[in-house]
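K.L.:
Once you've had a glance at the structure underneath, I'll fire off some questions.
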Amino acid sequence: MSSNDGRKRVALALGACAFAGTLLYFVVGGIGNNLVYYWGPTEVLAAGPKAQGASIRLGGLVEKGSIVKGEGSNMSFTVTDGKKSFPVRCTSVPPQMFREGIGVVVEVTVAGDGVFESHRLMVSHGNEYRAPDDPASVDLKKLMDSTDGIRSPDKE
Amino acid sequence: MSGEIVGGWEYVIAVYVISALVYAGYAYSVLRRDNASRSLSKETKS
Amino acid sequence: MKPKTLVVIGGTLLTAGCFWGLLFAPAEVFMGDVYRIFYIHVPTAWNGLLLLTAAFICAVMYLMKGDLMWDDRLEASMEAGVVLSALLTVQGSIWARPTWGVWWNWDPRLTTTAILVFAFAGILALRTSLKEPRRRAMVTSVATIVAAADVPLVYFSVRFWNSLHQIQSSPETVSAAFVWPLRVNAIAVLLLMAGLISIRAETVARLREAGSEPPPLPSAQVEGAR
């Protein structure tokens, strides 16, 4: 193998690393800001009338005491980010973990009366795993905070 | 709407059965291909 | 330690860890028994990403040193990494159904992981079409370095972007009763895969050496046929 070959390979290594690094930089720094899996209530309000009629994903926490059960599987609740909140109507049966204070992502369209009509309700799980006899398991607030990605009221 | 998952063992069992098959299957495949390559390299050397 | 010993120890430990997590560890307060999936899902994730990181290191080492041994190791770790990440998405999908309420969604963690599986599986497929060892090693190394950009994206996706997938757990967020079976399984998979990739790397080297030997002279072949 000639030393010329070796130099070509090292150049390729540096080139590939530089390319991969640049790609990473753009994905994380540039495109990353425009790549949004869900919007919080504040962001939706900021979008204003543009959100009307559009199908979007709304993420936040289920507000305490806001769950109202209707006929059959009809249900309504409020999604909050601590600053702004939105009423959501839902006709599907929610996942078993659905409860007050848990993080949710709902695929919604804005109905005429300003209420969000949910097509799909997803429940987020935090990064905490507690055994029943663990004293920390009673700390519900801490568990809610750990539902990261979904913003919790105290964090912002 | 208790906020707790009740049951669901079928999901747990499905995950563990699939995982066991993949881990064991991959280990078997690595060992089998290793044995096959031994006989192949003997043939070329003889 | 011989690779086969590692495989046996890893396999035994993994079986023990799974039984511990499935039968003896307590249930989780909200997720009940479904949380038990994490005893296999989390070790699969860690080791899958570790194997693909190893493939990246092998790619850089090949280009720096030019020794085909690094290409053999690259193929071994990449193959195992693809198997684990593919398994990871299936495990996660089954776990998502009872927990999130959906089998799949295009959350950043899931999307970047899907890209990871397809990119590295694609490189493995590309390898089979290249017969000349040095050319194959060169093409693979460059492609691997580029695809490896997705590895940190998968890991940090839950922190960079809004995601449905929770962020990484740590011993502070996991009850002590759950931590040990999880650690046992993580170490078990590490030992198992370490054994398997060293065996696989030897196999790949053997096949490469057998394949690159000069073919018998045409006259000799004719003689043999008679």
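The values are calculated or read from the model by the stated rules, or taken from the named source; none is laboratory data. Predicted, not measured: the structure shown is a model, and the values here were computed from it. Neighbour counts are summed over all protein chains in view; Cβ atoms, including those assigned to glycine, are modelled from backbone coordinates with ideal geometry. The accessibility values were calculated without ligands, DNA or RNA, using every heavy atom of the protein model including side chains. Shrake-Rupley method; radii C 1.70, N 1.55, O 1.52, S 1.80 Å.
K.L.:
Averaged over C:142-152, how many beta carbons belonging to a partner chain fall within 10 Å of each residue's beta carbon?
P.N.:
5
K.L.:
By its C-alpha gyration tensor, with a ≥ b ≥ c as the square roots of the eigenvalues, how is segment C:149-199 shaped: rounded for a/c under 1.5, else prolate for a/b larger than b/c, else oblate?
P.N.:
oblate
K.L.:
Something else now. Which far-off residues, 5 or more places away or on another chain, put their amide H under 5 Å from the one on A:F116, with H placed in the peptide plane?
P.N.:
Under 5 Å from the amide H of A:F116: A:V88, A:R89, A:A111.
K.L.:
With +1 on each Lys and Arg Cβ and -1 on each Asp and Glu Cβ, and nothing else charged, work out how big the dipole of chain C is about its Cα centre, in Debye to the nearest 20.
P.N.:
So the dipole magnitude of chain C works out to roughly 220 debye.
K.L.:
I've got another one for you. From other protein chains only, count the Cβ atoms within 10 Å of every residue's Cβ in C:20-27, then give the mean.
P.N.:
For peptide C:20-27, the averaged partner shielding equals 2.
K.L.:
How large is ³J(HN,Hα) for each residue in segment A:110-117, as worked out from phi by the Karplus curve 6.51 cos²θ - 1.76 cosθ + 1.60 (θ = phi - 60°), to whole Hz, x for Gly and Pro?
P.N.:
Residue by residue, segment A:110-117 yields 7, 7, x, 7, x, 8, 8, 8 Hz.
K.L.:
Now, a different point. Can you tell me how segment C:38-103 classifies by the Cα gyration tensor, rounded, prolate or oblate, using a/c under 1.5 as the rounded cut?
P.N.:
The shape class here is prolate.
K.L.:
Please give the total accessible area that chains C and A bury against each other, computed with a 1.4 Å probe and expressed in Å² to the nearest 100.
P.N.:
Heavy-atom accessible area buried at this interface is about 4000 Å².
K.L.:
Can you list the HN-Hα couplings for segment C:110-119, worked out from phi with the Karplus curve (6.51, -1.76, 1.60; θ = phi - 60°), rounded to whole Hz and with x for Gly and Pro?
P.N.:
6, 5, 5, 5, 4, 4, 4, 4, 5, 4
K.L.:
Roughly speaking, what is the centre-to-centre gap between segment A:82-138 and segment C:119-164 when only Cα atoms are used, to the nearest Å?
P.N.:
36 Å
K.L.:
Still on this structure, I have one more. Quick check for you: with a 1.4 Å probe and neighbouring chains kept, what is the accessible area per residue of the protein assembly as shown, in Å²?
P.N.:
Averaged over the residues of the protein assembly as shown, the accessible area is 47 Å².
K.L.:
Could you derive backbone 3J(HN,Hα) for segment A:22-28 from the dihedral phi with the Karplus parameters 6.51, -1.76 and 1.60 (θ = phi - 60°), listing whole Hz in sequence and x where the residue is Gly or Pro?
P.N.:
Taking θ as phi minus 60°, the curve returns 5, 4, 4, 4, 5, 5, 6 Hz for segment A:22-28.
K.L.:
Per DSSP helix of 4 or more residues, -39500 (n - 2.57); summed, then divided by the residues of chain C. What does that give at 222 nm, rounded to the nearest 500?
P.N.:
Only helices count here, giving -26000 deg cm²/dmol.
K.L.:
Also, I was wondering about something else. Return the long-range amide H neighbours of C:D107 (sequence gap of 5 or more, or a different chain), with a cut-off of under 5 Å between placed amide H atoms.
P.N.:
Distant-sequence amide H within range of C:D107: zero hits.
K.L.:
Evaluate the charge dipole of the protein assembly as shown about its Cα centre and quote only its size in Debye, nearest 20, assuming +1 on the Cβ of each Lys and Arg and -1 on the Cβ of each Asp and Glu.
P.N.:
That gives a dipole near 1400 debye.
K.L.:
Output the peptides C:46-56, A:84-94, A:56-66 sorted from most to least packed, where packing is the average of other Cβ atoms within 10 Å over each peptide's residues.
P.N.:
C:46-56, A:56-66, A:84-94
K.L.:
In a solvent-free Debye calculation with one equal scatterer on each Cα, what is log10 I(q)/I(0) for segment C:83-208 at q = 0.19, 0.23 Å⁻¹, listed in the order of the q values?
P.N.:
Results for segment C:83-208 at q = 0.19, 0.23 Å⁻¹ read -1.26, -1.43.
K.L.:
Still on this structure, I have one more. C:G32's amide H: which non-local residues (gap 5+, or another chain) put their own amide H closer than 5 Å, with H modeled 1.01 Å from N in plane and none for Pro or chain starts?
P.N.:
Those qualifying (amide H under 5 Å, at least 5 residues apart or on another chain) are B:I5.
K.L.:
Specify the inter-centroid distance of segment B:1-39 and segment C:8-61, based on alpha-carbon positions, in whole Å.
P.N.:
For segment B:1-39 versus segment C:8-61, the Cα centre distance is 11 Å.
K.L.:
Also, quick follow-up: Return the percentage of antiparallel bridges among DSSP beta bridges fully within the protein assembly as shown, rounded to the nearest 5 %.
P.N.:
The answer is about 80 percent antiparallel.
K.L.:
Something else now. Taking 25 °C and 0.890 mPa s as the conditions, I'd like the Stokes-Einstein D for chain C in µm²/s, using the Kirkwood hydrodynamic radius from alpha carbon pairs.
P.N.:
126 µm²/s
K.L.:
Let me check something: with ligands and nucleic acids excluded, how do A:E71, C:E75, C:E209, A:E117 order by accessible area (1.4 Å probe), largest to smallest?
P.N.:
Listed by decreasing accessible area, they come as A:E71, C:E209, A:E117, C:E75.
K.L.:
Computed over the Cα atoms of the protein assembly as shown, what is the ratio Rg over Rh, Rh following Kirkwood?
P.N.:
1.06
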